[in-house]
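Novice: Starting off with a structure, shown below.
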Amino acid sequence: MKVIIFHGTDCSPENKYYWYSWLKDELLNVGCAVETPYYPDINHEDIDTFLPKVIASHEFDEDTILVGHSAGSPLILSVLQAINSKVRLSILVAGYSMRLPGESKDPVLQASYDWKRIKENSEDFVFINSVDDPWGCDDKQGRIMFDHLGGTQIIRNEGHFGSEGQNLPYVEFDLLRDIILETGK
């Protein structure tokens, strides 16, 4: 099983406010292959030019689990819309598919999504959102994706699942680890 973890806007896989490094170590310890690519241009470069770089950097197949946090989530939607293979599971944490409140443009978003194609390219979906997300990546955003794609929606009261700007560290994520490991059985 291979897991690819896509970080959010203005973040990095090594940022200590987030669970990325912890999750990587947890999964490596049980024999998973894990990729935590660093994309500093995520949500700064338009998805039309950014997406081909991402797709060229990874292989996607039936043993792949995609995990996206915040802007990493709409990136996953675009990847699934563009590839010609199916992945095992897509997990979108604090994900969104519609412009966030107060944003005039989110470059990582598509103008529209081919939900049918996205659904065809992932065996299953899990959406983890909070009712109190300070950036607007909340349960309503998760519900939009869930309504289009099915799967499982998990609603918490845990903010953005990490935020440096809000000084809300979220360095361990047992629920996410357990979902991934259960899928790998």
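Novice: Mind listing whichever residues of the stretch 1-44 are of a type in the set (A, V, I, L, M) and either out of contact with any helix residue (DSSP H, G or I) (no Cβ under 7 Å at 6 or more places or on another chain) or within 24 Å of LEU181 (Cβ to Cβ) (or both)? Reasoning before the result, please.
Specialist: At the first step, the residues of the stretch 1-44 found to be of a type in the set (A, V, I, L, M) are 1, 3-5, 23, 27-28, 30, 33-34, 42.
Scanning the stretch 1-44 gives MET1, VAL3, ILE4, ILE5, LEU23, LEU27, LEU28, VAL30, ALA33, VAL34.
Novice: Sticking with this one: Applying the selection to the stretch 1-20, what residues are aliphatic (A, V, I, L, M) and part of a loop (DSSP other than H, G, I, E, B)?
Specialist: First, pick out the residues of the stretch 1-20 that are aliphatic (A, V, I, L, M): 1, 3-5.
The answer is MET1, and nothing else.
Novice: Of the residues in the stretch 56-83, how many are farther than 17 Å from GLY8 by Cα and not in a strand (DSSP E or B)?
Specialist: Residues that pass the stated criteria total 12.
Novice: Here's something else I'd like to know. I'm told ASN129 meets every condition in (1) polar (S, T, N, Q); (2) crowded, with 22+ Cβ neighbours inside 10 Å; (3) farther than 16 Å from HIS7 by Cα except one. Can you identify the failing condition by its number?
Specialist: The one condition ASN129 does not meet is (3).
Novice: Next question, about the same structure. Taking the criterion of being touching a helix residue (DSSP H, G or I) at 6+ places or on another chain (Cβ under 7 Å), outside any helix (DSSP H, G or I), under 23 Å from PRO13 (Cβ atoms) and not β-branched (Val, Ile, Thr), would at least one residue in the stretch 135-149 satisfy it? Outline the logic, then answer.
Specialist: Filtering the stretch 135-149 for residues touching a helix residue (DSSP H, G or I) at 6+ places or on another chain (Cβ under 7 Å) gives 148-149.
From what's left, outside any helix (DSSP H, G or I): none.
Checking the stretch 135-149: not a single residue is touching a helix residue (DSSP H, G or I) at 6+ places or on another chain (Cβ under 7 Å), outside any helix (DSSP H, G or I), under 23 Å from PRO13 (Cβ atoms) and not β-branched (Val, Ile, Thr).
Novice: So how many residues does the stretch 71-89 have that are within 18 Å of ASP48 (Cβ to Cβ), in contact (Cβ under 8 Å) with a residue 60 or more places away in the chain and not small (Gly, Ala, Ser)?
Specialist: Residues in the stretch 71-89 being within 18 Å of ASP48 (Cβ to Cβ), in contact (Cβ under 8 Å) with a residue 60 or more places away in the chain and not small (Gly, Ala, Ser): 3 in total.
Novice: Looking at ILE65, ILE76, ILE47, which one is at pLDDT 95 or above, over 21 Å from GLU182 (Cβ atoms), of a type in the set (A, V, I, L, M, F, W, C) and surrounded by 13 or more Cβ atoms within 10 Å (Cβ to Cβ)?
Specialist: Details: ILE65 fails: over 21 Å from GLU182 (Cβ atoms); ILE76 fails: over 21 Å from GLU182 (Cβ atoms).
Step by step, each of ILE65, ILE76, ILE47 is checked, and only ILE47 is at pLDDT 95 or above, over 21 Å from GLU182 (Cβ atoms), of a type in the set (A, V, I, L, M, F, W, C) and surrounded by 13 or more Cβ atoms within 10 Å (Cβ to Cβ).
Novice: From the list LEU23, LEU92, which residue is surrounded by 20 or more Cβ atoms within 10 Å (Cβ to Cβ), assigned to a helix (DSSP H, G or I) and of a type in the set (A, V, I, L, M, F, W, C)? Before you say what the answer is, go through the steps one by one.
Specialist: On the way: LEU92 fails: assigned to a helix (DSSP H, G or I).
None of the other options fit; the residue is LEU23.
Novice: Select, from GLY8, GLY68, GLY102, GLY31, the only residue that is in contact (Cβ under 8 Å) with a residue 60 or more places away in the chain and over 19 Å from ARG117 (Cβ atoms). Full working, then the answer.
Specialist: On the way: GLY68 fails: over 19 Å from ARG117 (Cβ atoms); GLY102 fails: in contact (Cβ under 8 Å) with a residue 60 or more places away in the chain; GLY31 fails: in contact (Cβ under 8 Å) with a residue 60 or more places away in the chain.
Step by step, each of GLY8, GLY68, GLY102, GLY31 is checked, and only GLY8 is in contact (Cβ under 8 Å) with a residue 60 or more places away in the chain and over 19 Å from ARG117 (Cβ atoms).
Novice: Spot the failing condition for GLY102; the list is (1) small (Gly, Ala, Ser); (2) surrounded by fewer than 23 Cβ atoms within 10 Å (Cβ to Cβ); (3) not in a loop (DSSP other than H, G, I, E, B), and only one is missed.
Specialist: Here GLY102 clears every test but (3).
Novice: Quick one: how many residues across the stretch 34-54 are assigned to a loop (DSSP other than H, G, I, E, B), of a type outside the set (Phe, Trp, Tyr) and either without any contact (Cβ under 8 Å) to a residue 24 or more places away in the chain or out of contact with any Ser or Thr (no Cβ under 8 Å at 6 or more places or on another chain) (or both)? Walk me through how you get there before you give the answer.
Specialist: First pass over the stretch 34-54, keeping only residues assigned to a loop (DSSP other than H, G, I, E, B): 36-46.
Checking the rest, the ones that are also of a type outside the set (Phe, Trp, Tyr) come to 36-37, 40-46.
With either without any contact (Cβ under 8 Å) to a residue 24 or more places away in the chain or out of contact with any Ser or Thr (no Cβ under 8 Å at 6 or more places or on another chain) (or both) added as a condition, the list becomes 41, 45-46.
Residues flagged as assigned to a loop (DSSP other than H, G, I, E, B), of a type outside the set (Phe, Trp, Tyr) and either without any contact (Cβ under 8 Å) to a residue 24 or more places away in the chain or out of contact with any Ser or Thr (no Cβ under 8 Å at 6 or more places or on another chain) (or both) within the stretch 34-54 amount to 3.
Novice: Would you mind telling me which numbered condition in (1) out of contact with any helix residue (DSSP H, G or I) (no Cβ under 9 Å at 6 or more places or on another chain); (2) among the aliphatic types (A, V, I, L, M); (3) crowded, with 17+ Cβ neighbours inside 10 Å ALA56 fails?
Specialist: (3)
The values are calculated or read from the model by the stated rules, or taken from the named source; none is laboratory data. Note that the structure is predicted; figures quoted are calculated from it, not measured. Note that each Cβ is placed from the backbone with ideal geometry, even for glycine, and that neighbours are counted across all protein chains shown.
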